[in-house]
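S.K.: Okay, here's the structure, questions in a sec.
Every number here is computed from the coordinates shown, using simple stated rules; none is lab data. Source: prediction; values computed, not measured. Note that each Cβ is placed from the backbone with ideal geometry, even for glycine, and that neighbours are counted across all protein chains shown.
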Amino acid sequence: MDMQVDDDIETAEHDYWRVLRMLRSLPDQCALDVGDLADQIGADKLELIQWVRADIAFARLIESKVTK
């Protein structure tokens, strides 16, 4: 496998776990929507949406943090 692809996968994995830790530290209903939540934790909104689609537990966590 290409070294760049390996690096990209490792970076995405690291970002996922970093964001997950930050989300868990926030109180429920702390953001208006996913964009607001992404801004609060310094994450990319589109990346959050991709993770929501890929992981039901992550989706439920996001759902608990937004009000709409």
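S.K.: Step through the residues of the range 55-67 one at a time and calculate ³J(HN,Hα) from phi using the Karplus curve (6.51 cos²θ - 1.76 cosθ + 1.60, θ = phi - 60°), rounding each to whole Hz and writing x for Gly and Pro.
M.R.: Going residue by residue, I get 9, 5, 5, 5, 4, 5, 5, 4, 4, 6, 9, 9, 9 Hz, with x marking Gly and Pro.
S.K.: Using the Kirkwood radius over Cα pairs, work out the Stokes-Einstein diffusion coefficient for the chain at 37 °C and 0.692 mPa s, in µm²/s as a whole number. Display every interim value, and only then the final one.
M.R.: Values: Rh = 12.4 Å.
Diffusion coefficient, whole number: 265 µm²/s.
S.K.: In a shell of Cβ-Cβ distance under 12 Å around residue 49, excluding residue 49 itself, what net charge do Lys and Arg (+1) and Asp and Glu (-1) give?
M.R.: Around residue 49, the charge tally is -2.
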